[in-house]
Every structure is written in structure tokens, then in C-alpha cells.
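Beneath this line is the structure, given in C-alpha cells, with notes to follow.
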């Protein structure tokens, strides 16, 4: 009896599943008979199902929704639908702002979402290079869904997909074939597919290429999948997509890849054909970087429109306040907690601040800058990542020096503390606090802050807070343009003077590019390396990065700094202001220096040292 009850329960579950499938197919615009057939049931099943009043009401609602869906894509109207509406309506994949900007650029428009931290360098609208962080749906949106959209709009199109290997490219093609044939996307097939179905009517349906039923007599495949360096079949392609063709194993082969791109890829495009290269930066010197180098092109400048997006758009001391590229998605992370609930908009956490904060802690600063922030990191960079990392004292946290404490100097020295400030009303205001020991010439960075959305009030409050905490002897502040107002602020000067802080202004011009005194000259402070190992001969020491977003930003800006950089350099400039004053202090001290620096001498021994006039000493010998 129990077995019979179990069997009845199983049949009820199957019946419920079949009804749900029919309703779903009807919502997608299929007629009732076709929906029943696709669900695996016979047409006469409706004799019994009509007795279910709840199902009949649901069926009527589904029919109305299906008619609405079909009404927007009947006749020629269905070929005038935009990709965003197409993706949401037929692929069940909503488009987020950063996705929308990709499609804007791909279709020859200005990006609708362009944050100041992004890099957009327009050139030819038919040659596009897009660099984005990993796991931001670039392959799903562009290589798969956009290709399906182009096929639906024009079955005569010819698309070539290239990836790091042909097997990977085949996976993209498989995803396209699934959307053209699987019942999950039956609405798409019902509205845009051929009478017998795309798969059934296709001349060729292989793992590496498909020939769909088309109006023209073209011999080229509708879509073909290749690995980088492979031979492109056919005479012409309308759209060629290179998706993640650069890997750690082939990044050094950029010369061969660039030659293949110029000889075998570009030549396969007609005058209206488009070439899109999309991927994530992997190496400091790779194909993506060299494509932007004008030396490789006859005109002297790259023909590619360049668009890069960092994972983190705006930093803050609290990761919850970070502005990120893709904070929420319509689906949760695969394998995430089943109890996680969507927000009021039906969205789940994706790459929000806390998630990217955890990811950053798992990679090196150079990897973070390159892979996630899409910043250029040179192998022979002015501030070597190895040397910058070698200057970090992980035992000392940010804050004032405490002689005798673990990770701090053993004793007091001839210290002079300087605050460097690079103010701004737009972008970021950066400040660095540094102590220089005039005896040992050692610099100790005490703190760094990278203030977003600065205001005069917030900057003034920062100056007062740091004055109370660090008791600097001097504030060095940039006075270019509107910043000159700080030099004329009598209240600020009075406050600093009452606290024993000297106010000095810094005018920044071409002197920051000077090889002897400019920003690049600070590279010697970070020491040297041999066989890729830091030699511990640095004259500057950075505190631990733990619990300090400012120090992390300073490190990242150092390793990505170049004279022609277009990225943020606020923290580096604030450090340079401190260093300029430190050099003056050390230079002045060296003129009157009477004793050799001894790092092992105790304070008592230093106090007992004295100088003797040689002439007086000689005369005393004869007395």
C-alpha cells in the first residue's frame, strides 16, 4: 500500500512538472498544441487538464503574456529590436551598466556608462580592444549572447570566434548552439528560428563550425571556432571576436600573435567588418599592451578603440563603501549559501566591495593592479614591485613611531616629521605623513590617506586630526591653480603656527619629471634587487598594509607609475612632497656633520661625542 502511495505521489509530481512546462512555453509565445508537444505530452491530455480550474486560469494568463511577447516582435519589428531588450526577452539575461557600455562601443556609439577611473581612447569604430577584470560576464554577454543576437537579426552573418585554444572556442560555440536548439530558449527559436528549427535545417552542425539555413549562397560558415594562430576558413567574416586569447603561457609570444593578427585576421574582414578583442590583462608586456603601441602601425598610432574597466572604481577605508564595476547580479554565485536572499530589486551580491577586498588580499599588489584594475605594470618599472614590497615592515602598523616597540626604531633619532598634501576638489586628495632621521637618512612613512569626494572642510579636518596625532614639524602642500588658496588661508596658517607646524608651499610643474629631483628619483630609496631578490638596502620604510587602504593605494600607484601615466598618482605626489623636504633636511645636516653615522651607537654614546679643534689641540701639546 505504501508503494502505491509513493507511486501516486511520483505521478502527481510529474504531472505538476508537465503543466509547468506547458505554461512556460505558452508564456514564450508558443501555441497550446506546440507547448503540449514540447512538454512530452499528447494533445488529448487537455481533456483532463481542463478540469483543473487553477491551471486554466494560469493558462489564460500565460497566453496573454505570450501574445504580448509576440506582439513586439511580429513582422519586421522583430529585426529592429535592440540587443538589451533581446537579451532580456529571449535569453533571460538582463544587461548591467558595464555590459551596456561594451555593446555601445561595439555598435559604434559612445559608452553610456563611463566612470572617470575607466580608460576610453576612441579610434576606429571597427577595431575594438576591451580589457575587463575576470568573471564580469564578458564571454557570456559578448561572445555568446551578442553572437546569438546577430544571428537572429541576420541569418546570413559570418562570425569567427577565436580563443586561447580551439577547445575553448568550441565551448563558446557550444553555448551558442544550445541557445539555438535547447528547449530552455524555445521562445527565441519560435520567433526567430527557421520553420524546421535551426539545428534541423542547418547544413552543418559540428563542434567547430555551423552552417545555418540562409538566404544567400555564401560558402563561409555562420560561426566557426578557432584557437589563436589558427587558419580562418572562408574569404570574409562580418565579425571576428578574440576572447581571452592571451594566457600566462603565451603572453611572451606577442610578436608572433601581432603578426598573425595583422596578416591573417584583419585581412579576413570586409570594409564594414568588425574586429573585437576582449580579455583580461595577464602580463605586463602582452598582446593587449602592444596593440596600443603606435610603433606597430603604419600610421604611427593604433587603429584600435581602447576601453578598459577596473574592478574597483572608487576606494574607501571601509570596503562596504567601495564603488565597484559589478556589485550585484540577477543570479547568485555558483555554490553560494542556499539561504542567501535577493534584495528588493531581485539582485544578489556579486563583485561588491567586501568580495573584492577578500580577492585583493589573495593576490600581490602588481597582480591586483594588472589583472583586476587593468593598469599597466612594466617589468622594468621605475618603482620595482619587488623593491616596493621589500620596503614594507610588516611588524610596524601605521601610526607614530614608538622607539623600542616591536618593528619600530630602537631609540629616538634626529627626527623630522613632514606631512605632504596633494589637495583636489575633484577626484582624490592624497596625504602622506613621513618621518626622516637626519642621522641615518632613513625615511619612515607613517600614514597615507586617499580621500575620495574631498571638500575644503574635510581637508582642513584631516590636517587638524593628523597634527594632533603625529605632531609634524612641517606641512608641505601643493599650491598649483586653486590650491593656492591654502597659502592665503590665514586661519590655517595661524592654527599650524600655534601647533609648531611650519607651512611650506610646493609648486608642481615640469620639475616632477626631472630625473635627478623628480618623482622618478625616489626609486633609489627603495633599494636594489639581485636575481629578483630585494637586498634590504632601502632608505625608505613603509608600514604594514593591514587595515590601511591608503598604504595599499600608495603601493599600487608606485608600481604602476610612469612619466606618461594617465592613472591616479595623488599618493605618489604627496610622498614626493615629503621627500623633497627630507632631502633639504639631510643636505643641510650633512654640511655641519661632524661625526660618522653609527647605527649601533647608544643614545648615551651619541650624547658623549664631542668635537676638537685640531689647531687648539696642537697648541695644547706644547703647554
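What follows is calculated from the coordinates using simple rules that are stated; it is not laboratory data. What you see is a predicted model; the values in this text were computed from it and never measured. Here the Cβ is made from the backbone with ideal geometry for all residues, glycine too, and neighbour counts use every protein chain on show.
Could you work out the Rg to Rh ratio of segment 17-71, with Rh taken as the Kirkwood radius (inverse of the mean 1/r over all Cα pairs)? Write down the numbers at each step before the final one.
Working: Rg = 10.3 Å, Rh = 10.9 Å.
Taking Rh as the inverse mean 1/r over Cα pairs, Rg/Rh reads 0.94.
What 222 nm value per residue comes from the helices of the chain, counting each DSSP H run with n ≥ 4 as -39,500 (n - 2.57) and dividing by all residues, nearest 500 deg cm²/dmol?
Value at 222 nm, helices only, nearest 500: -10000 deg cm²/dmol.
What is the chain's relative contact order, in percent, from Cα pairs under 8 angstrom and six or more apart in sequence?
11 percent
Once a ≥ b ≥ c are taken as the square roots of the eigenvalues of the Cα gyration tensor of segment 380-595, is the result rounded (a/c under 1.5), prolate (a/b larger than b/c) or oblate (a/b not larger than b/c)? Provide the component values of the computation, followed by the final result.
Numbers: a/c = 1.44, a/b = 1.19, b/c = 1.21.
Since a/c stays below 1.5, the shape of segment 380-595 is classed as rounded.
At what distance in nm do the modelled label points of residue 532 and residue 425 sit from each other, each positioned 7 Å from its Cα along Cα→Cβ?
Inter-label distance under the simple model: 4.8 nm.
Which stretch or stretches of segment 415-455 have amide N atoms under 20 Å from the point lying 7 Å from residue 473's Cα along the Cα→Cβ direction?
So the set is 415-421, 432-447.
At a threshold of 8 angstrom on Cα-Cα distance, excluding pairs fewer than six apart, so keeping six or more, what relative contact order does segment 17-71 reach in percent?
48 percent
With just the Cα atoms of segment 199-343, tell me how far they stretch along each of the three principal axes, in Å, largest first.
That works out to 58, 48, 29 Å along the principal axes.
With each label point set 7 Å from Cα along the Cα-Cβ vector, what nm distance links residue 297 and residue 566?
Calculated label separation equals 1.2 nm.
Calculate how many DSSP beta bridges within the chain are antiparallel, expressed in % of all such bridges and rounded to the nearest 5.
Bridges in the chain are about 45 percent antiparallel.
Which entry in [x] 76, 31, 20; [y] 103, 35, 30; [z] 64, 29, 22 is this structure's computed semi-axes √(5λ) of the Cα gyration tensor in Å?
[z]
Using the Cα gyration tensor of segment 225-306, with a ≥ b ≥ c the square roots of its eigenvalues, what is the shape: rounded (a/c below 1.5), prolate (a/b larger than b/c) or oblate (neither)?
oblate
Full-extension gain between residue 410 and residue 352, please, as 0.36 nm times their residue separation minus the C-alpha to C-alpha distance. Intermediate results must be reported in sequence, preceding the final value.
Numbers: separation 58, 0.36 × 58 = 20.88 nm, distance 4.21 nm.
Gain in length upon complete extension: 16.7 nm.
Per 0.36 nm of contour for each residue apart, how much would the distance between residue 184 and residue 84 grow if the chain were fully extended, relative to their Cα-Cα spacing?
Once the chain is fully extended between residue 184 and residue 84, it gains 34.1 nm.
So how far apart, in nm, are the two label points at residue 14 and residue 47 if each is 7 Å from Cα heading toward Cβ?
Spacing of the two 7 Å Cα→Cβ label points: 1.9 nm.
If the chain between residue 465 and residue 546 were fully stretched, how many nm would it gain, using 0.36 nm times the residue separation less the Cα-Cα distance?
Gain on extension, residue 465 to residue 546, equals 27.1 nm.
With a ≥ b ≥ c taken as the square roots of the eigenvalues of the C-alpha gyration tensor of segment 119-197, please select rounded if a/c is under 1.5 and otherwise prolate if a/b is larger than b/c or oblate if it is not?
Here segment 119-197 falls in the prolate category.
Along the Cα-to-Cβ line of residue 140, 7 Å from the Cα, sits a label point; which residues in segment 150-190 have backbone N less than 14 Å from it?
Within reach of a label on residue 140, which here means backbone N under 14 Å from a point 7 Å along Cα→Cβ, segment 150-190 contributes 175-176.
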